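The values are calculated or read from the model by the stated rules, or taken from the named source; none is laboratory data. The structure presented is a predicted model; accordingly, all values stated were derived computationally and were not measured. Counting neighbours? That spans all protein chains shown, and the Cβs are built from the backbone with ideal geometry, glycine included. Surface accessibility is based on the protein's heavy atoms, side chains included, excluding ligands, DNA and RNA. Shrake-Rupley method; radii C 1.70, N 1.55, O 1.52, S 1.80 Å.
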Amino acid sequence: MEINTKLAYVGIFGKPNVGKSTLINLLVGEKVSITAEKPQTTRQRILGILTLENRAQLIFLDTPGWYEPKHLLGEYMRKVIKDTIKDSDVLLVLLDSSKEIEKEDLFLLDIVKKEEKPYLVVLNKIDLVSAGQLEEKVKDLKELGISEDKLVKISALYGTNKDKLLEKIIEISPYGEFLYPSDMISDQTDKFFISEVIREKIIHLTYQEVPHSTAVYVDEIGERKNGNLIYIRATILVEKPTQKSILIGKDGSMLKKIGTLARMELEDYFKKQVYLDLWVKVKEKWRKKPEVLRELGYQ
Ligand SMILES: Nc1nc2c(ncn2[C@@H]2O[C@H](COP(=O)(O)OP(=O)(O)OP(=O)(O)O)[C@@H](O)[C@H]2O)c(=O)[nH]1
Ligand SMILES: [Mg+2]
């Protein structure tokens, strides 16, 4: 029998902070990946599925931003990117149209071109630039050998040209039968999603090294009050005692803020009352320790 549906693993790549996670959430139509105004937010491969009945199933893979690794965690993140490039049928390279094209962008573009897989270059954040600036970028990319039919200009934040991008992706995707049930949007466990939501709030509320030195581990998810309340106990790992004091804050005020924001989002997600019990622990140089990384699921 002839198959007339399209099926593709679609990898999303780019420098830190270009909007990869914002884009996967837009395309899937739900929050599957955390986002932040600070770079290096995503650390793992995040899967999000969009099923268009009788037409296409696109399995998007969000990846960490491409940057020079400074520790084992960074090396892990880079491996995630490389593995995902191999696993994808279609590659999307995201660029921030409000920023200069840098060597990391060129490097990624080079890798992607060498793969000989269908790819698109996605110019994101067009809401931040003028039409003239955008045309300059298109010209720069042409000089780098990226023809206009491979280019899509979008705003992941505002959803501009979402359908145009989807059509282009489907056009270059291979035929295949659906792999996932059509109502499935991700393969993430509750445990992982909870830890990511907590980490997102920490990234939003803290600065400098603190967001990067933080990991979150969920110790327990339990039901209370005859199943009407979800009890969650989670540990926030940091690398130094000073970071622990920042996270706890004066009289516990920072931890309370983090907890409240995370709880509100989790209540929305579980559609139930949530009790969030947060603890902060120092684990020196955890980003350089293979056994800790393994425990945290970075492996
Ligand atoms: N103005 C504007 N901001 C955007 C757009 N897309 C994303 N952003 C913002 O850019 C910042 C980074 O977005 P993310 O989606 O977390 O970026 P990322 O590429 O996943 O970043 P890493 O996970 O660190 O690699 C956030 O503050 C987003 O709100 C856009 O189209 N326009
Ligand atoms: Mg991200």
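Sparsely packed loop sites in the stretch 242-297 (the trypsin sites (Lys or Arg not before Pro) outside DSSP H, G, I, E and B with at most 10 other Cβ atoms within 10 Å) comprise LYS271. Bridgeable aspartates and glutamates around LYS103 (alpha carbons under 14 Å apart, same-chain partners fewer than 8 residues away excluded): GLU68, ASP140.
Do any of LYS82/LYS117; LYS82/LYS113; LYS70/LYS191 go past 23 Å between their Cα atoms, and which?
Numbers: LYS82/LYS117 14 Å; LYS82/LYS113 14 Å; LYS70/LYS191 27 Å.
The answer is LYS70/LYS191.
Accessible surface area normalised per residue over the chain is 50 Å², counting heavy atoms of protein chains with a 1.4 Å rolling probe. Helix 190-205 and the longest principal axis of the Cα set of the chain meet at an angle near 90°.
Shape of the chain from its Cα gyration tensor (a ≥ b ≥ c, root eigenvalues): rounded if a/c is under 1.5, otherwise prolate when a/b > b/c, or oblate?
Working: a/c = 1.94, a/b = 1.47, b/c = 1.33.
Prolate.
Compared with the dominant principal axis of the Cα atoms in the chain, helix 72-87 is inclined by about 40°.
State the percentage of accessible surface on the chain attributable to carbon and sulfur atoms; use a 1.4 Å probe and exclude ligands, DNA and RNA. Write down the numbers at each step before the final one.
Details: 7500 of 14900 Å².
Its accessible area is 50 percent carbon and sulfur atoms.
Measuring r between the beta carbons of ASP277 and MET184 and using R0 = 30 Å, the FRET efficiency lands at 0.50.
Taking Cα pairs under 8 Å and at least six residues apart, what relative contact order does the chain come out at, in percent? Don't skip to the end; give the middle numbers.
Numbers: 545 pairs, mean separation 55.0, N = 299.
For the chain, the relative contact order is 18 percent.
Relative contact order, percent, of the stretch 67-207 when contacts are C-alpha pairs under 8 Å separated by at least 6 residues?
Details: 106 pairs, mean separation 27.6, N = 141.
The normalised contact order for the stretch 67-207 reaches 20 percent.
Peptides 52-62, 143-153 ranked from most to least packed by the mean count of surrounding Cβ atoms within 10 Å: 52-62, 143-153.
For the chain, take the longest principal axis of its alpha carbons; what is the angle in degrees between that and the long axis of helix 103-114, to the nearest 10 within 0 to 90? Taking the Cα atoms of the chain, the angle to 103-114 is about 60 degrees.
Could you please state, rounded to a whole Å, how far the C-alpha centre of the stretch 223-294 is from the C-alpha centre of the stretch 1-42? What the calculation gives is 26 Å, centre to centre.
Taking chymotrypsin sites (Phe, Trp or Tyr not before Pro) across the stretch 94-178, the ones in a DSSP loop with at most 14 further Cβ atoms lying within 10 angstrom of their Cβ are TYR158. Antiparallel beta bridges, as assigned by DSSP with both residues in the stretch 6-172, represent about 30 percent of the total such bridges.
Roughly what % of DSSP beta bridges within the chain run antiparallel, to the nearest 5?
Values: 18 of 49 bridges.
If we restrict to bridges inside the chain, about 35 percent are antiparallel.
Between the residues LEU266, VAL292, LEU94, the greatest Cα displacement towards the positive end of the dipole of the chain, with unit charges on the Cβ of Lys, Arg, Asp and Glu, is found for VAL292. A helix-only calculation puts the chain at -11500 deg cm²/dmol for mean residue ellipticity at 222 nm, using -39500 (n - 2.57) for each DSSP H run of at least four residues, averaged over all residues. Projecting label points 7 angstrom from Cα along Cα→Cβ for LYS285 and HIS71 puts them 1.0 nm apart. Once Lys and Arg get +1 and Asp and Glu get -1 on their Cβ, which of ILE230, ILE248, THR206 lies farthest toward the positive end of the dipole of the chain? Towards the positive end, the residue furthest out is ILE248.
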